[in-house]
Structures are given as structure tokens and as C-alpha cells.
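Okay, structure first, notes after.
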């Protein structure tokens with residue numbers, strides 16, 4: 001199942017008459033609160049009809065009632081920020097504990113380090129890898145599988161973006177320029193010989209950040225960057241979502257999908273693009289698949305297929321957990337990336353300064369796309385190569401993964417078997433320190 005990532009307009013409702021005003025968010029919160037008693041009743045009903053002491057729990061009728069109650073409760077609850085839940089990894093045949101530690105923090109982001117308690121120095125180099133997660137409505141834990149795949153052979157860090165409704169308005173605004181500033185600051189914190197992977201939405205700000213660093217001859221410019229399924233040039237193989245942004249224009253987005261965070265959230269009165277609207281757009285893009293998946297859950301529960309039901313729960317516990325986006329970031333991204341196509345046209349600026357990817361010379365570039373990606377069309381990410389003509393040819397590569405959609409570009413079996421090994425080889429071949437510093441750092445923890 002492909003998971004829609006933020007691509008400017010990916011989560012918009014289709015109706016022309018849909019206008020999201022501030023009261024709409026308040027009504028949403030009131031509706032959610034009003035359903036609390038019903039959810040509690042559904043939960044109690046489920047427990048009653050699943051209790052082995054209840055004779056009905058062994059009948060098809062009882063199992064159907066319990067399954068329906070669980071479906072109602074799960075469909076109406078609010079899903080919180082998921083846990084990373086990566087307790088260990090396997091390095092050289094040895095199971096090693098992993099601790100998730102914040103090493104840098106700003107109001108809208110934490111930099112998390114997955115510290116591995118390595119006792120013996122690994123035989124192969126352990127390059128420093130920064131994964132820039134998308135600020136796209138889903139929490140960065142959506143990349144749990146991506147992190148787990150790279151942990152055995154890399155020193156992994158990830159950007160853990162904040163839910164805008166949880167950031168007090170007193171902390172100020174956050175836009176695309178701030179996002180780029182955060183990326184540059186993080187690269188400075190990590191020091192030299194860092195490799196960066198931008199998953200989907202951050203491909204544009206990461207490319208911009210590296211271009212600005214190269215223009216300044218910054219010593220902390222990353223050794224390599226990997227752009228995966230990102231909207232570098234959405235004019236290429238443009239889909240309906242991309243066209244929607246151009247047809248409606250920025251003012252439509254500002255008046256139809258921006259609202260204020262209601263009380264009692266910490267971000268009270270902050271302008272946001274709300275997560276519940278984003279989720280509605282995600283669901284509508286593949287509605288038939290979601291309906292079928294929930295029908296299958298009901299069947300699994302009635303038949304007593306615990307494994308099938310648990311897989312559904314795990315997927316949707318992650319998929320239905322969404323966060324609000326700062327309005328400034330959302331609108332500036334829509335305008336810069338999807339309406340004006342500023343980066344591929346050479347018109348993108350950062351705080352009034354031109355962003356010129358042709359300045360990039362020291363950072364190697366790998367782009368990855370999925371053959372069936374319905375979010376970032378084939379060729380949109382590869383366009384980065386044309387924008388970076390001064391990177392040596394032997395330090396640039398592009399890979400198109402057959403038979404995967406958007407989600408399969410950074411997760412799943414084909415990612416683990418075919419994409420991740422190519423990324424690892426590319427990173428290792430461009431690891432200037434040869435892994436010596438990484439091995440020393442890991443061994444000392």
C-alpha cells in the first residue's frame with residue numbers, strides 16, 4: 001500500500017466548496033470529545049464479547065459483535081505519536097542494544113541519535129548517516145523500517161519533527177527557510193564526513209541547504225546526499241495532485257485549508273494545516289484499499305486470525321497518527337515547489353539569497369525513484385542531476401526501482417533487498433574518512 005506523502009496538495013479535499021475556517025477545527029475537537037462515551041462503550045462491548053467466560057464469545061455472533069466494536073473504536077480514536085521501538089540491532093552476528101538519544105533540539109525539531117552499544121569494533125566502516133524525515137503529516141516514525149535497515153552498518157541520526165499544534169505560538173513561526181536553516185545547523189552539529197538521505201518532501205530543502213553550504217565553501221558540507229522520491233521538478237510526469245496546486249493558486253490554499261489550533265493544545269491560536277485534513281486526503285487517494293483493509297480486519301477478527309489482525313493494527317497505528325504542519329511552512333512549500341517550480345527554474349531563494357545547485361561540487365549525489373510512484377512521478381527526483389552539473393560524473397548515480405510505489409521507495413522488502421544495499425555502497429564509496437572515525441566513535445560508546 002502506497003502511503004501519500006506531503007507534496008503540496010496531496011491531502012486536499014476534492015470539493016470546490018470545502019472551506020476550512022477556524023471554527024471547523026474547534027468543531028472537529030468537539031466532535032471527537034463527544035464520541036468519548038461511545039468509544040468507551042465500544043471498548044467495554046469488545047471486552048465483554050471476547051471474555052472466554054462469556055459463552056457468546058465462542059460463537060460467530062459474539063465474535064462479530066466484538067469485531068464491530070473494535071472497528072468502531074479504532075476508527076474514531078485519535079492516534080498519538082508512535083514510539084520508535086527499536087530496542088536492538090544485529091551487527092556482525094551480535095545482537096546490540098540501541099538507545100534513542102536526542103542530541104540537538106529546536107522548537108520544531110529534535111535530532112535523534114540511535115546509539116548502538118557496540119562492545120567490539122566492527123570490521124567494516126560505519127559511516128555517519130543523517131536521515132531527514134519528511135514533514136508531511138505523518139510522524140518520522142514512519143521511517144522506522146528505514147532506520148532499522150541501515151542501523152547494522154551505519155551510525156544513524158534522524159530528524160524528529162514536532163507536531164505544530166504542540167509548539168506554543170510564542171516560539172514563533174516556522175517556514176521552508178527555517179527548515180533549510182535547521183538542516184544546515186544539524187550538519188554543523190554532526191561535523192564532517194556526514195552522509196544525508198532526504199526521504200520524499202525534504203529532497204528540495206536538503207538540496208537547497210547543500211547548495212548554500214557549497215556556495216559558502218562550508219567545511220561541513222555532506223560527503224554524499226541521497227534524494228528518494230522527492231519533488232525536485234513536479235513539471236515532469238505531473239499528476240493530478242501536482243496540477244491541482246497550479247490550478248487553484250496559493251490564495252486558495254491559504255483560505256481553504258489553513259486554520260488555528262484550538263484550546264487546550266499548547267499551540268493554541270497557531271496557524272496550521274491540520275493533521276485531520278491531511279489524513280482525509282491520504283485516505284481519499286486510496287479509499288478503496290483502506291475500505292478493503294478494514295473489511296479484512298473484520299474478517300480476521302471473526303475467524304480468529306490473530307496474525308492478520310495484528311499486522312493491520314500495527315500498520316494503521318502508524319498510518320492514522322498524523323501531525324499538524326505550520327501554515328508558513330506548508331504555504332511556502334506549495335508556492336515554491338508546486339506552483340512556481342522555483343528550484344528547477346533557478347528562481348528559488350533562501351532569505352533573499354539565490355539557491356544555485358550548480359555550486360555543488362564536493363557532495364556526491366544519488367537519486368532513487370519508484371516505477372509506480374503516484375506521489376512523485378518518475379523523473380521528478382532524477383531532475384536533480386541536471387541541476388547539479390558540476391558534480392563529477394563518477395560521483396553521481398540514479399536508480400529506478402521496478403514494481404514499487406511511493407512507500408516502497410523507502411520501506412518494505414524491495415527497499416531492504418534492492419534499494420538499501422545500493423545506498424549503502426554509494427555512501428561507503430564516498431566516505432572520506434574511510435570509516436576509521438566512525439569505528440572509533442562507535443567503539444568508545
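The values are calculated or read from the model by the stated rules, or taken from the named source; none is laboratory data. The structure presented is a predicted model; accordingly, all values stated were derived computationally and were not measured. Every residue, glycine among them, receives a Cβ derived from its backbone with ideal geometry; neighbour counts consider all protein chains shown.
All of 367, 381 fail the test of being buried (at least 19 other Cβ atoms within 10 Å of the Cβ), modelled with pLDDT of 95 or more and touching a helix residue (DSSP H, G or I) at 6+ places or on another chain (Cβ under 6 Å), apart from 367. With respect to (1) surrounded by fewer than 20 Cβ atoms within 10 Å (Cβ to Cβ); (2) touching a residue at least 40 places away in the same chain (Cβ under 8 Å); (3) in contact with a strand residue (DSSP E or B) (Cβ under 9 Å, 6 or more places away or on another chain), the lone exception for residue 130 is condition (1). Scanning the range 91-115 for residues being farther than 25 Å from residue 317 by Cβ and out of contact with any strand residue (DSSP E or B) (no Cβ under 6 Å at 6 or more places or on another chain) gives a total of 7. Within the range 226-268, the set of residues being out of contact with any helix residue (DSSP H, G or I) (no Cβ under 6 Å at 6 or more places or on another chain), over 23 Å from residue 25 (Cα atoms) and not in a helix (DSSP H, G or I) comprises 233, 235, 236, 237, 238, 239.
Regarding residue 211, is this residue crowded, with 22+ Cβ neighbours inside 10 Å, more than 27 Å from residue 408 (Cα to Cα), touching a residue at least 40 places away in the same chain (Cβ under 8 Å) and touching a helix residue (DSSP H, G or I) at 6+ places or on another chain (Cβ under 7 Å)? Yes, satisfied.
Out of 428, 400, I need the residue that is at pLDDT 95 or above and either crowded, with 17+ Cβ neighbours inside 10 Å or farther than 30 Å from residue 286 by Cα (or both). Which one?
Working: 400 fails: either crowded, with 17+ Cβ neighbours inside 10 Å or farther than 30 Å from residue 286 by Cα (or both).
Being at pLDDT 95 or above and either crowded, with 17+ Cβ neighbours inside 10 Å or farther than 30 Å from residue 286 by Cα (or both) holds for just one of 428, 400, which is 428.
Considering the conditions (1) touching a residue at least 40 places away in the same chain (Cβ under 8 Å); (2) under 18 Å from residue 144 (Cα atoms); (3) more than 20 Å from the chain's Cα centre (by Cα), residue 421 is excluded by exactly one of them, (1). For the residues 156, 147, the requirement of being under 30 Å from residue 283 (Cα atoms) and either in contact with a strand residue (DSSP E or B) (Cβ under 9 Å, 6 or more places away or on another chain) or outside any loop (DSSP other than H, G, I, E, B) (or both) singles out 147. All conditions in (1) surrounded by fewer than 24 Cβ atoms within 10 Å (Cβ to Cβ); (2) modelled with pLDDT under 95; (3) under 29 Å from residue 408 (Cα atoms); (4) in contact with a helix residue (DSSP H, G or I) (Cβ under 9 Å, 6 or more places away or on another chain) hold for residue 138, with the sole exception of (1).
Residue 345: part of a loop (DSSP other than H, G, I, E, B), without any contact (Cβ under 8 Å) to a residue 24 or more places away in the chain and surrounded by fewer than 17 Cβ atoms within 10 Å (Cβ to Cβ), yes or no? Yes, satisfied. Of the residues making up the range 308-342, just one is surrounded by fewer than 18 Cβ atoms within 10 Å (Cβ to Cβ), over 25 Å from residue 173 (Cβ atoms) and in contact with a strand residue (DSSP E or B) (Cβ under 8 Å, 6 or more places away or on another chain), namely 318.
Considering the range 114-124, the residues that are under 24 Å from residue 188 (Cα atoms) and either in contact with a helix residue (DSSP H, G or I) (Cβ under 6 Å, 6 or more places away or on another chain) or buried (at least 20 other Cβ atoms within 10 Å of the Cβ) (or both) include one that is modelled with the lowest pLDDT, namely 116. Among all positions in the range 159-176, there is at least one residue which is modelled with pLDDT of 95 or more, surrounded by fewer than 22 Cβ atoms within 10 Å (Cβ to Cβ), farther than 29 Å from residue 405 by Cβ and in contact with a helix residue (DSSP H, G or I) (Cβ under 6 Å, 6 or more places away or on another chain). Does the range 284-291 include one or more residues that are over 28 Å from residue 236 (Cβ atoms), surrounded by fewer than 16 Cβ atoms within 10 Å (Cβ to Cβ) and within 24 Å of the chain's Cα centre (by Cα)? Yes, the range 284-291 contains at least one residue that is over 28 Å from residue 236 (Cβ atoms), surrounded by fewer than 16 Cβ atoms within 10 Å (Cβ to Cβ) and within 24 Å of the chain's Cα centre (by Cα).
So is residue 196 modelled with pLDDT of 95 or more, under 16 Å from residue 230 (Cα atoms) and in a helix (DSSP H, G or I) or not? Considered against the rule, which asks whether it is modelled with pLDDT of 95 or more, under 16 Å from residue 230 (Cα atoms) and in a helix (DSSP H, G or I), residue 196 comes out as no.
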